[in-house]
Amino acid sequence: LLVAARSVQRRMVDGLAALDDVDVLAAFRLANKAMARAARARDTLKQYGAPTWRPFQLAFLLLNLRAMDEPTHHDRAVIDLLFFPTGGGKTEAYLGLAAFTLVLRRLRHPDISGAGVSIIMRYTLRLLTLDQLGRAAALMCALELERKQAARLGDWPFEIGLWVGS
């Protein structure tokens, strides 16, 4: 357990260090802005105030920043399991990482090579699929609004697709 804790600590420190890269920091900021925009749009009736990250969500992002920044990084072979009860914030954690990944790709490749399939999400329960698709679609809309304001994200729109069936 101590070895695992040291590995997590090292990965979080590596994630913080990755923010020294101009593109990584810009992607992190834009991803956070898009996530907040999507959360505000989803929660307009609830009036919760400003969206915030839960500690485990921020830790999850930091754990994975370096691996998303460097395609050949050894942490790409690590699988992280998020286990919290329903409503615990797992979806936002991985959507935050998805937003970071999409924005970083666009910053580094603002032409057509920065578009295309970047993330595949698989769900086994139909009701969960509809909810998750709605959240992911809201994030894509928020990212698209950010793209229209930031010339560095290229001309190709952020898009989402859905594959149903076998």
Rank these residues by their accessible area, most exposed first, probe 1.4 Å: H74, H109.
-> H74, H109
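Could the peptides 56-68, 134-146 be put in order, highest first, of the mean number of other beta-carbon atoms found within 10 Å of their residues?
Values: 56-68: 21.5, 134-146: 18.8.
My ranking of the peptides, most packed first, is 56-68, 134-146.
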Between the residues S7, L128, H109, the Cα farthest towards the positive end of the dipole of segment 1-147, that dipole coming from +1 and -1 charges on the beta-carbon of Lys, Arg, Asp and Glu, is from L128
Assign unit charges at the C-beta atoms only (+1 for Lys and Arg, -1 for Asp and Glu), then state the dipole size of the chain relative to its Cα centre in Debye, rounded to the nearest 20.
-> 400
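What FRET efficiency would be calculated for the residue pair D43, A137, taking the C-beta separation as r and a Förster radius of 25 Å, to the nearest 0.05?
Values: r = 16 Å, r/R0 = 0.62.
For R0 = 25 Å, the calculated efficiency reads 0.95.
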By the mean-Cβ-within-10 Å protection proxy, highest first, 110-123, 16-29 rank as 16-29, 110-123
Around P71, what is the net charge, scoring Lys/Arg as +1 and Asp/Glu as -1 over all other residues with Cβ under 12 Å from its Cβ?
-> +1
If you work out Rg/Rh (Cα atoms, Kirkwood Rh) from the coordinates, which of (1) 1.28; (2) 0.95; (3) 0.93 do you get?
-> (2)
Which of the listed residues, T91, L16, A26, is farthest toward the dipole's positive end in the chain, when Lys, Arg count +1 and Asp, Glu count -1 at the beta-carbon?
-> T91
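The values are calculated or read from the model by the stated rules, or taken from the named source; none is laboratory data. Values in this document were obtained by computation on a predicted structure and should not be read as measured data. In this analysis, Cβ positions are derived from the backbone assuming ideal geometry, glycine residues included, and neighbour counts consider all displayed protein chains. Ligands, DNA and RNA are stripped out before the accessible areas are found, and what is left, the full protein with its side chains, is counted by its heavy atoms. Shrake-Rupley method; radii C 1.70, N 1.55, O 1.52, S 1.80 Å.
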